[in-house]
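Okay, structure first, notes after.
The values are calculated or read from the model by the stated rules, or taken from the named source; none is laboratory data. Quantities reported herein were computed from a predicted structural model and do not represent experimental measurements. Neighbour counts are summed over all protein chains in view; Cβ atoms, including those assigned to glycine, are modelled from backbone coordinates with ideal geometry. Ligands, DNA and RNA are excluded from the accessible area calculation, which covers all protein heavy atoms including side chains. Shrake-Rupley method; radii C 1.70, N 1.55, O 1.52, S 1.80 Å.
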Amino acid sequence: MLGIERRQKIMEYLTSDRKVYVADLSKILKVTEETVRRDLEKLETQDLLRRSYGGAVLNEHTSEDLSFLKRNSINNTDKQAIAKKAEFLVNDNDTLMVDSSTTCLTLLHQLKIKKELTVITNSIKLVNDFVSSPFTIISSGGTLRAHSYALVGPSACNSLQNYYVDLAIISCKGIDRDKGIMESNEQESIIKQQMMKQAKKCILLIDHSKFDKTAFTRTGDFTCIDYIVTNQMPSQDWINFFDKREIKLIY
C-alpha cells in the first residue's frame with residue numbers, strides 16, 4: 001500500500017471513530033508503529049488531525065470549513081459506495097442541480113453512462129472535469145470561493161432561480177433530528193437551499209459520519225428531502241425518523 005493510500009485509510013478510520021491509536025493502526029495497516037507516527041505527523045501538518053499520546057483525534061469544529069482538496073482526500077471508499085447506490089435514481093434526459101461537494105462530484109463521474117443529462121452546478125471542479133463530456137453543463141456563475149471550488153453569492157442564486165429541474169443532488173456537513181440539515185458555511189448553505197427550491201425531488205448524499213453531527217449553519221429541515229443515500233445502515237432511531245417523514249433511505 002502506498003503512503004497516500006495508507007493515509008487515506010487512516011482518515012477514513014478517524015472520520016468514523018473520531019480517534020485512532022498507533023498500535024491499532026499498525027496492526028490493521030501491517031506497518032510499523034513508527035510508519036504510522038510519520039503518517040500521523042504528515043496529516044497533522046495538513047491540519048486534518050491533532051496528535052495525542054498513543055494516537056490522534058480528528059481536528060474538527062462545528063464551523064470547520066475544510067478545503068476541497070482536504071475533503072477530497074477523506075472517505076473516498078464511502079463516497080464511491082454512495083455514488084453506486086445513488087446512480088439508479090438518475091435517469092437519461094434528467095435535469096439536475098448539483099452542489100460543489102466532493103460526494104456529488106463522485107456521483108457525477110458514476111453517471112457518465114447516462115444519456116442527455118443537463119447539469120446545473122456551482123462547482124468549478126465539476127465544470128472542468130466534464131468539459132469534454134456529453135452532458136449539457138450550465139454554470140451558475142457567481143463569486144468564487146477558491147477554498148471550496150464553489151461559486152456563491154446573489155448572482156449564483158439569481159441564476160439558479162431561472163431553472164426548474166428534476167433533481168437537486170446535494171451533500172452537507174451534518175444532520176440532526178432536531179437541528180436539521182447543516183453546513184459549515186452560510187454562503188454555500190444558501191446555494192443548497194436554492195437548489196432544493198428549484199427541484200421536483202431532492203437527493204441528499206451523506207456518509208455515516210454525518211449522522212448526529214452538528215455544523216455551523218442550518219440549511220433546512222427534512223421536509224424537502226425525498227431520498228437519503230448513505231454507505232451503511234444508520235441507527236433504528238434514524239430509520240424510524242425517515243419512515244415517519246416518507247423519506248426513502250438507501251444504504
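Overview of values
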{"quantity": "Test: residue 25 is among the aliphatic types (A, V, I, L, M) and surrounded by 18 or more Cβ atoms within 10 Å (Cβ to Cβ)", "calculated": "yes"}
{"quantity": "Pairs, first in contact (Cβ under 8 Å) with a residue 24 or more places away in the chain and under 8 Å from residue 216 (Cα atoms) in the stretch 174-187, second part of a strand (DSSP E or B) and open to solvent by 80 Å² or more (accessible area, probe 1.4 Å), C-beta under 6 Å, six or more apart", "calculated": "182/218"}
{"quantity": "Pairs with Cβ under 9 Å, 6+ apart, first in the stretch 225-241 and more than 14 Å from residue 174 (Cβ to Cβ) and hydroxyl-bearing (Ser, Thr, Tyr), second assigned to a loop (DSSP other than H, G, I, E, B) and modelled with pLDDT under 95", "calculated": "235/212"}
{"quantity": "Condition check for residue 58: open to solvent by less than 60 Å² (accessible area, probe 1.4 Å) and modelled with pLDDT under 75", "calculated": "no"}
{"quantity": "Residue that is most open to solvent (accessible area, probe 1.4 Å) [pool: residues in the stretch 224-238 that are touching a Leu at 6+ places or on another chain (Cβ under 9 Å) and part of a loop (DSSP other than H, G, I, E, B)]", "calculated": "233"}
{"quantity": "In the stretch 188-205, the residues that are within 20 Å of residue 250 (Cβ to Cβ), in contact (Cβ under 8 Å) with a residue 40 or more places away in the chain and over 16 Å from the mean Cα position of the chain (by Cα)", "calculated": "199"}
{"quantity": "Subset of the stretch 114-164 (residues that are in a loop (DSSP other than H, G, I, E, B), in contact (Cβ under 8 Å) with a residue 60 or more places away in the chain and open to solvent by less than 60 Å² (accessible area, probe 1.4 Å))", "calculated": "122, 148"}
{"quantity": "In the stretch 1-10, residue most open to solvent (accessible area, probe 1.4 Å) [restricted to those that are modelled with pLDDT of 85 or more and outside any loop (DSSP other than H, G, I, E, B)]", "calculated": "4"}
{"quantity": "Some residue of the stretch 212-223 being without any contact (Cβ under 8 Å) to a residue 24 or more places away in the chain and open to solvent by less than 10 Å² (accessible area, probe 1.4 Å)", "calculated": "no"}
{"quantity": "Tabulated pairs, the stretch 38-53, first open to solvent by less than 100 Å² (accessible area, probe 1.4 Å), second at pLDDT 85 or above and small (Gly, Ala, Ser), C-beta under 9 angstrom, 6+ apart or interchain", "calculated": "39/3; 40/55; 40/56; 43/56; 44/56; 49/56"}
{"quantity": "Members of the stretch 188-207 found to be touching a helix residue (DSSP H, G or I) at 6+ places or on another chain (Cβ under 7 Å), in a helix (DSSP H, G or I) and of a type outside the set (Val, Ile, Thr), listed by number", "calculated": "194, 195, 196"}
